[in-house]
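Dropping the structure in here first, questions after.
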């Protein structure tokens, strides 16, 4: 049995582009949002744990990824996952 996937649009904002090499791309990812995010982090060797998780956020369709996951939603073709660094300012 084949795992279900969706063609998802990825967006890497500013410094996050250093990992993907591009701002935007489409990938077939698992429909489970946690598995999809893990696949992206693994594919691009993004140092998420203990590093970027404190200075960047992940959004799915402009919603915090954590909220999207807790809601029980799954990914569909055309959904957007964005990796956005937190801007500092003062």
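The values are calculated or read from the model by the stated rules, or taken from the named source; none is laboratory data. Please read these numbers as outputs of a predicted model, since none were measured by experiment. Virtual Cβ from ideal backbone geometry, glycine too; neighbours counted across all protein chains shown.
Which is out of contact with any helix residue (DSSP H, G or I) (no Cβ under 9 Å at 6 or more places or on another chain) and more than 17 Å from residue 31 (Cβ to Cβ), of 71, 67?
One residue alone meets the criteria, 67.
Among (1) without any contact (Cβ under 8 Å) to a residue 40 or more places away in the chain; (2) surrounded by 18 or more Cβ atoms within 10 Å (Cβ to Cβ); (3) not in a loop (DSSP other than H, G, I, E, B), which single condition is residue 46 missing?
(3)
Only one of 83, 68 is under 11 Å from the mean Cα position of the chain (by Cα) and surrounded by 13 or more Cβ atoms within 10 Å (Cβ to Cβ); which?
None of the other options fit; the residue is 83.
Among the residues of region 5-39, write down those that are outside any helix (DSSP H, G or I) and in contact (Cβ under 8 Å) with a residue 60 or more places away in the chain.
Across region 5-39, the qualifying residues are 6, 7, 8, 9, 10, 11, 12, 13.
Still on this structure, I have one more. Quick one: would you say residue 78 is surrounded by 11 or more Cβ atoms within 10 Å (Cβ to Cβ) and modelled with pLDDT of 95 or more?
Against the criterion (surrounded by 11 or more Cβ atoms within 10 Å (Cβ to Cβ) and modelled with pLDDT of 95 or more), residue 78 qualifies.
Please go through region 49-66 and pick out each residue that is outside any helix (DSSP H, G or I) and either within 18 Å of residue 14 (Cβ to Cβ) or touching a residue at least 60 places away in the same chain (Cβ under 8 Å) (or both).
Listed by number, the residues that qualify are 51, 55, 56, 57, 58, 59, 62.
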